[in-house]
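Scroll down for the structure; my scribbles are underneath it.
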Amino acid sequence: MTQSYLRRRVLAAVVPLGLSGCLVESDTNQSNDSVHPTTSTTTTDADASASSSSDTQPGGQPNEEEIDDTPNEGVISPDPAGIEIESFDIDRIIESIYLSQIVAEVVIANPGTDTYGTLELRADAYYEPPADDRTYHPPRVDERTAVGRTYIERTFESFDSGTRTIEDIIIQYDTDDTNGSTDPTEFDIEIAVRRADPL
């Protein structure tokens with residue numbers, strides 16, 4: 001009886017030792033796997049690919065948000081058909097408590113051989129106070145100042161040569177920007193050709 005009991009105790013002790021060996025082997029495998037940086041390398045490649053795709057679209061084109069969509073407001077068309085500004089004249093100034101008006105006319109010329117039907121001009125008005133009016137303290141205007149702008153479109157049956165006069169060009173402005181002046185000699189107008197459509 002005593003020998004049988006001892007044998008059972010020895011067998012029972014062997015089983016936990018065998019299980020303990022399996023657990024140790026499993027921990028060793030996990031430790032070996034963590035040494036290899038396979039997962040880390042894959043993640044790095046994916047990050048690099050994502051970074052590259054965020055800079056460009058397929059075909060190497062930049063993203064829409066990187067494209068400069070700055071509007072061409074106020075930009076004059078290059079060489080608008082060779083139309084030239086011969087002269088301009090300020091006919092009168094109409095004073096108002098709201099917006100005063102500069103009334104002017106411009107003479108344009110077509111020195112070339114093309115024939116045009118529709119022209120578009122832009123007129124910018126400036127106020128330039130005389131020297132003896134620049135000693136006043138603000139809020140008076142004491143330097144050349146842009147005061148108004150207008151666009152003029154005219155259609156001709158056939159503008160093939162010579163000159164044409166465009167009358168009654170009206171530019172509105174605030175009288176506070178001109179020290180209340182109504183003297184045409186204190187104003188200046190710059191005129192540019194924006195568009196010239198041939199017939």
Please list the non-local residues whose amide H lies under 5 Å from the amide H of V141, H modeled 1.01 Å from N, same-chain partners needing a gap of 5 or more.
N179
Contact order normalised by residue count of the range 84-198, Cα under 8 Å, 6+ apart, percent
40
Given charges at beta-carbon only (K, R positive; D, E negative), |dipole| of the range 84-198 in Debye:
260
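Taken together, the values in this text are just the output of simple stated rules run on the coordinates, not laboratory data. Note that the structure is a prediction, hence the values are computed from the model and not measured. All Cβ positions, even for glycine, are placed from backbone atoms using ideal geometry, and neighbour counts span all protein chains on display.
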